[in-house]
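Peer 1: Quick one: the structure is below, and I'll ask about it shortly.
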Amino acid sequence: MPYSLDLQDHVAFDIQATPVEILVPEALSFQWILNGKALAFVAANATRQVVDAWVAKQLELLKTWDPNRIAFALNSFAAPDCVVTPYARQRLNDLVRQTARITSRSCTIIMRSALGMPVVLMSNAINSAARRYMKSQNVVFYRHEDGIRWLQRRIAEGEYINQTSTENP
């Protein structure tokens, strides 16, 4: 059975999502989640075609983004065929450079594996230590639910730069 590109299929609770937009057939999807407050991508593999489509869609969405609004995103690379390649790292660096004006809070979902564990520990330790000083933050999780709950807390903290929330998430 092919890997599901609908994020809702990977989560046991309602994520208030828009319909899935297939960017690469059977390989990459996009949808808005959490009532349109967060971008969500689900990848079934990490081919160049998928990586290029993922970067292109993010650039399309972020090129007109209000720089006072925080961009929230979930990137699911939890499928067994998703592996980090030198090409993917290069394209990610390109994306980061081209969107440097945007403040973001994103989470990446990866498959639990021996190789994934050090990535999660290192990424989360860096982000935890430097959170208040970083313009953009990415935290890595093994479970989609954990990533979505983390995004919900970040959104509750405020959707705009220098906005403070009155909620206690």
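Peer 1: Name the residue that is nearest to Met111 (Cα to Cα), counting only residues in region 141-157 that are part of a helix (DSSP H, G or I) and in contact with a strand residue (DSSP E or B) (Cβ under 7 Å, 6 or more places away or on another chain).
Peer 2: Checked region 141-157; the qualifying residue nearest to Met111 (Cα to Cα) is His144.
Peer 1: Taking region 66-104 on its own, how many of its residues are under 21 Å from Ile161 (Cβ atoms), assigned to a helix (DSSP H, G or I) and charged (D, E, K, R)?
Peer 2: Final tally of qualifying residues: 1.
Peer 1: Right, here's the next one. Across region 32-48, what is the number of residues that are among the polar types (S, T, N, Q) and either part of a loop (DSSP other than H, G, I, E, B) or free of Cβ contacts under 8 Å to residues at least 12 places away in the same chain (or both)?
Peer 2: 2
Residues are listed down the side, and each one gets a yes or a no for (1) surrounded by fewer than 21 Cβ atoms within 10 Å (Cβ to Cβ); (2) of a type in the set (A, V, I, L, M); (3) more than 26 Å from Glu159 (Cβ to Cβ):
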| position | (1), (2), (3) |
| --- | --- |
| Leu34 | yes, yes, no |
| Phe41 | no, no, no |
| Ser76 | no, no, no |
| Tyr87 | yes, no, yes |
| Leu92 | yes, yes, no |
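Peer 1: Only one of (1) over 26 Å from Leu34 (Cα atoms); (2) of a type outside the set (A, V, I, L, M); (3) modelled with pLDDT of 55 or more is not met by Pro118, so which one is it?
Peer 2: (3)
Peer 1: Quick check on my filter: what residues within region 13-31 are in a strand (DSSP E or B), crowded, with 18+ Cβ neighbours inside 10 Å and not aromatic (Phe, Trp, Tyr)?
Peer 2: Correct list: Leu23, Val24, Leu28, Ser29, Gln31.
The values are calculated or read from the model by the stated rules, or taken from the named source; none is laboratory data. Because the structure is predicted, anything quoted here is derived from the model rather than measured. Don't worry about glycine lacking a Cβ; one is built from the backbone with ideal geometry, like all the others, and counts go over all protein chains shown.
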